[in-house]
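What follows is a single structure, written as structure tokens, with notes after it.
The values are calculated or read from the model by the stated rules, or taken from the named source; none is laboratory data. Just so it is clear, the model here is predicted, and its values are computed rather than measured. Surface accessibility is based on the protein's heavy atoms, side chains included, excluding ligands, DNA and RNA. Shrake-Rupley method; radii C 1.70, N 1.55, O 1.52, S 1.80 Å.
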Amino acid sequence: MHSKQSLVLIIFAICVMSGCTTQSWYEGVKEGARNNCRSQPPGEVDACLEKLNTQTYEEYEKARSGQH
């Protein structure tokens, strides 16, 4: 769990320093989660990947703003 928090902080720091957009941040966090799943034991990778958020940024924004 500690490595997941570190990964999020690293992504956040990179985004802040490079002036990332919100979409870049969103995609970076999703990629970090996929990478975390890939580091799981072989029998757990698929189950982990199935639990991940698969929304596009556009879908996320619509849901967040209450648009249908």
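Observations on the structure shown:
- Sequence-distant contacts, meaning Cα pairs under 8 Å at least 6 residues apart, place the relative contact order of the chain at 24 percent.
- Estimated 222 nm signal from helices in the chain, with DSSP H stretches of n ≥ 4 weighted -39500 (n - 2.57), rounded to 500: -22500 deg cm²/dmol
- The chain shape via C-alpha gyration tensor axes, a/c threshold 1.5: oblate
- DSSP H segments from the chain that extend 15 Å or more along their own axis, Cα-based, with Kyte-Doolittle mean of 0.0 or above: 2-18
- The portion of the accessible surface of the chain made up by carbon and sulfur, rounded to a whole percent, is 58 (1.4 Å probe; DNA, RNA and ligands excluded).
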